[in-house]
Structures are given as structure tokens and as C-alpha cells.
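Q: Got a structure here, written out as C-alpha cells. Questions coming.
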């Protein structure tokens with residue numbers, strides 16, 4: 001018999017209300033000893049909650065969810081009591097006195113739900129992201145995933161692969177039967193080719209999904225006094241970086257997290273790029289170049305009243321050329337800036353912000369956010385696609401070998417939702433959950 005687990009599922013104490021969640025085979029005994037009369041299933045009921053000596057502990061709402069029609073698939077019970085440390089401590093003490101009853105581990109309720117088939121691994125990850133969401137788009141993306149929309153897409157693909165494998169098996173096993181015509185499997189290759197294109201299109205959104213989930217990393221680079229720190233302070237709405245007329249004021253990497261129209265954005269200010277003998281400044285420049293290499297977007301700032309100089313680094317991500325200090329008159333020829341800005345007059349700031357999240361806004365405006373959000377998803381989808389490519393392209397291979405490629409594709413796709421071979425991964429994922437979830 002498995003243990004019965006309990007935990008505080010609401011916020012830290014003291015609080016207005018504390019919710020204690022209980023799941024397991026001892027729930028019926030707990031109700032019998034602590035709640036009179038027993039609460040009706042799936043209905044919040046005001047009850048006096050007692051200890052095992054019948055002394056009153058508190059009065060609150062009690063909810064009972066009989067298994068298997070509960071979140072964990074087991075009998076579940078919730079106490080909604082006053083959020084006092086003493087009340088919760090007393091309830092924990094009483095609950096621990098029941099046989100094989102213990103405090104829950106992080107994510108244990110959700111893990112029980114997965115083991116009971118209530119949710120799959122992708123939904124678990126979405127739930128974890130929903131708990132950690134800080135911006136509107138992170139909430140929307142996590143909700144789409146936690147409610148099974150992404151899982152439904154992957155299950156649809158799995159069904160098509162399974163159908164293709166069934167057609168091949170029919171031809172291999174019953175080729176001599178009159179009601180199994182020859183080359184039945186030939187009918188499925190067009191659909192597999194179409195499936196490959198669908199997965200490839202889905203993978204193109206992988207980086208966008210990762211950015212929405214983890215935040216857009218924007219790094220400001222440029223020569224000293226190019227206006228990087230002024231822009232950083234303007235975006236943050238406060239003085240994060242020191243701004244002076246002295247070149248080389250910023251010598252380390254500074255960052256600030258922003259919520260930009262619902263998207264998480266991390267803006268990084270860096271040391272000015274120049275040749276210097278100062279060892280501390282040299283280290284700052286090294287860190288600046290390293291940060292730029294890891295960024296999603298690099299903003300190269302250059303004063304509009306000085307001759308444009310291309311940044312001394314190779315940018316593999318999006319590069320925005322920004323002319324700073326546009327409020328200063330300049331007789332220089334107009335270089336090709338993506339936008340010109342002034343932190344004094346606010347010119348161009350809104351345009352710059354729009355450019356930063358242009359690609360993300362396209363996803364925001366779509367009807368569905370069923371897109372990959374983790375490197376794990378992307379990697380397994382790429383392996384799925386490679387196996388499907390092999391099955392389609394090996395036209396001269398034996399049918400059994402092409403069937404094996406389809407089996408490999410199904411295995412890789414199944415690992416995303418947790419249908420196969422994920423035990424080690426589960427320990428990592430559930431360790432990130434809070435107690436009581």
C-alpha cells in the first residue's frame with residue numbers, strides 16, 4: 001500500500017487562508033477521525049476539524065475528491081483553514097499520526113497525477129512553467145501546454161506514424177492474403193512526407209518558444225560613451241547603471257529584467273569596446289564580447305554625430321544598428337541605422353522596443369501557442385524528423401528496414417510526452433516543483 005501524503009499547498013504563513021492537500025489510501029480514515037459529519041464528494045462544506053482526541057483544531061472548508069476521479073487518481077482531501085502557523089502545525093501533527101502518512105516531497109502530487117494517467121510529461125512541464133510564469137506571454141504559453149494542446153498535436157502525429165506502421169505490418173504479415181492487396185504501405189509515404197514538413201515548420205518556432213519561456217536576452221554594445229547605460233536606465237525606468245562623461249565608467253556586465261508588452265526581456269549593459277591598457281577594463285570588454293555571443297538580440301549603439309564603426313565581433317543573432325544621441329545636430333552623412341534614438345527627447349525609443357519583440361509579436365497574434373518551449377522538445381523532434389526522413393528516402397531498402405525507421409521515430413516522439421523511457425528525466429523535472437504541487 002502506498003503512503004498517504006500531505007502538504008501546505010497555499011502560500012507562506014501566516015496568511016488569510018491555508019490550504020492543506022492530502023492524497024492517498026488513508027484519506028477515508030482521516031475524514032472519519034477528523035471531520036464529522038463526512039463531507040459530500042466534490043462539494044466545499046463548512047466543518048469543524050478535530051484532532052484524534054476529538055478536540056477542536058479549527059473550523060474551515062473541507063473538500064473530498066474520491067479516486068479515481070481526482071487530480072492524483074487517489075482519494076484526495078483538502079482543508080481550507082485559517083492561515084495560522086499554529087493551526088497548520090497542529091494539523092500536520094495530527095495527520096502524521098495516521099499510519100503510513102507523511103509530508104509530501106516537491107512535485108509529488110503532480111507525479112502521482114502523471115503516474116495515474118491524468119496528465120503527460122509535456123503537461124507536467126507546462127504546469128511547472130505556469131507556476132513560474134512572471135509575464136502574460138509566459139502564462140499563455142504555459143497554459144496552452146499544461147492544458148494538453150501541445151500534447152494533442154504530438155499525439156496526432158504519433159497516431160499517423162502508428163497507422164503507417166500498421167499498414168507496413170499488414171503487408172509484411174499478410175501479403176499472401178487476398179483481402180490485403182500488394183503495396184498497401186505505398187499509400188502512407190505521402191502522408192509521412194507531409195508529416196515531416198509539419199514537424200519542420202513546428203521546429204522553426206522552437207527558438208521563439210524558448211525565448212518566450214526563458215526571456216529575450218538583449219545585449220547593448222558600443223564604444224565608450226555611446227549611450228548604452230543611458231538606454232539601459234531608460235528601459236529599466238530607474239538608475240541601474242552609472243552614467244558619466246568619463247569613458248570606461250561601465251566595466252562589468254549589468255542586467256535588468258523587464259516585462260515588455262507581456263514578454264520577459266533581460267537587458268544587459270556592457271563595458272565600452274576600445275583598446276585599453278587597463279586590466280580591469282580589458283576583463284569587462286572580454287565579458288561584453290562573451291555576452292554578445294550568447295544574446296538573442298545585440299543592440300550596437302553609435303552616436304549619430306560620429307562616423308559609424310562596425311562592431312568588432314561576429315554576430316550570429318539579430319543585430320540592431322542604433323544611432324544614439326539623435327538630439328545632437330550632426331553634419332555627417334546618414335549611415336544605415338535600424339533606428340535613431342535619444343534618451344533625452346525619447347525619439348525612437350518606442351520604435352526600438354517594437355523592433356525588439358517584432359518576431360515574438362507575430363506568435364502572440366496567432367491563434368495557437370502550441371509550440372516547443374524546451375531544448376528537450378526540439379532535440380527529440382529533430383531526431384523524430386531524421387528517422388522519418390530515413391524511412392521516406394530509403395526507397396530501395398527492404399520494407400522491414402523502413403518500418404524500423406518509423407519505429408525509431410515513434411520512440412523519439414513518445415519520449416517527449418513521457419510514453420517511453422523517461423524515469424531519470426522525471427526526477428529532474430519534479431525536483432523543480434514546490435511542496436504541495
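Q: Using 7 Å Cα-to-Cβ label points, what is the residue 275/residue 118 separation (nm, one decimal)?
A: 6.7
Q: Against the longest principal axis of the chain, how steep is helix 149-173, in degrees 0 to 90 to the nearest 10, with axes from Cα atoms?
A: Helix 149-173 sits roughly 70 degrees off the main axis of the chain.
Q: Please sort 196-204, 263-271 by packing, taking for each peptide the average over its residues of neighbouring beta carbons within 10 angstrom, highest first.
A: Result, highest mean first: 263-271, 196-204.
Q: Between residue 17 and residue 44, what length comes free when the chain is fully extended (0.36 nm per residue of separation minus the Cα-Cα distance, one decimal in nm)?
A: Values: separation 27, 0.36 × 27 = 9.72 nm, distance 1.44 nm.
Answer, rounded to one decimal: 8.3 nm.
Q: Still on this structure, I have one more. Want the number for residue 257 to residue 132: 0.36 nm per residue separation, take away the alpha-carbon distance, what's left?
A: Full-extension gain reported as 43.5 nm.
Q: Now a separate question. Any idea what angle helix 375-393 forms with the longest principal axis of the chain, computed on alpha-carbon atoms, 0 to 90 degrees, nearest 10?
A: 90
Q: Can you compute the FRET efficiency between residue 382 and residue 86 using 1/(1 + (r/R0)^6), with r the Cβ-Cβ distance and R0 = 41 Å? Round to the nearest 0.05.
A: FRET efficiency, residue 382 to residue 86: 0.15.
Q: Turning to a different aspect of this structure: Over every pair of different alpha-carbon atoms in the range 4-104, take the mean of 1/r and invert it; report that Kirkwood radius in Å.
A: Working: mean 1/r = 0.0755 Å⁻¹.
Mean inverse Cα-Cα distance, inverted, gives 13.2 Å.
Q: In whole Å, what is the distance between the alpha-carbon centres of the range 2-61 and the range 337-357?
A: Rounded to whole Å, the Cα centres lie 56 Å apart.
Q: Scan (1) 4, 16, 19, 17, 15, 11, 7, 5, 4, 3, 0, 0; (2) 4, 21, 31, 24, 13, 5, 1, 0; (3) 4, 16, 18, 17, 18, 15, 9, 3, 0 for the value of P(r) over Cα pairs in 10 Å bins from 0, in percent calculated from this model and give just the label.
A: This structure yields the entry labelled (3).
Q: Separate question: Of the candidates 158, 362, 34, which one comes out as most mobile in a Gaussian network treatment of the chain with C-alpha springs shorter than 10 Å?
A: Comparing 158, 362, 34 in a Gaussian network model of the chain, the most mobile one is 362.
Q: Then there's this: Under a GNM of the chain (C-alpha, springs under 10 Å), which listed residue has the highest mean-square fluctuation: 144, 136, 283?
A: In this elastic network of the chain, the residue with the biggest mean-square fluctuation among 144, 136, 283 is 283.
Q: Set the Förster distance to 30 Å, then compute FRET efficiency between residue 52 and residue 147 from the Cβ-Cβ distance, nearest 0.05.
A: 0.15
Q: Could you tell me how many degrees, from 0 to 90 and to the nearest 10, lie between the Cα long axis of helix 279-294 and the main elongation axis, the longest principal axis, of the Cα atoms of the chain?
A: Between helix and principal axis, roughly 60 degrees.
Q: Stretched out fully, how many nm does the piece from residue 310 to residue 283 gain, at 0.36 nm a residue minus the Cα gap?
A: Net length gain for the segment: 7.6 nm.
Q: Apply the Kirkwood formula to the range 84-180: the hydrodynamic radius equals the inverse of the mean of 1/r over all pairs of different alpha-carbon atoms; give it in Å with one decimal. Display every interim value, and only then the final one.
A: Working: mean 1/r = 0.0566 Å⁻¹.
After inverting the pairwise mean of 1/r, the radius is 17.7 Å.
Q: 222 nm [θ] for the chain, helices only, -39500 (n - 2.57) per DSSP H run of 4+, per residue, to 500? Could you put the intermediate results ahead of the total?
A: On the way: 15 runs with 186 residues, N = 437.
Roughly -13500 deg cm²/dmol at 222 nm, from the helical runs in the chain.
Q: Something else now. With springs only between Cα atoms under 10 Å apart, run a GNM on the chain and tell me which of 141, 290, 150 wobbles the most.
A: Most flexible of the set in this elastic network: 290.
Q: Write down the percent of antiparallel bridges among all DSSP beta bridges whose residues are both part of the chain, to the nearest 5.
A: Around 60 percent of the beta bridges assigned by DSSP in the chain are antiparallel ones.
Since every read-out is calculated from the coordinates, none of them should be taken as a lab result. This is a predicted model, so every value here is computed, not measured. So basically every Cβ, Gly included, is an ideal-geometry build from the backbone, and we count neighbours across all protein chains shown.
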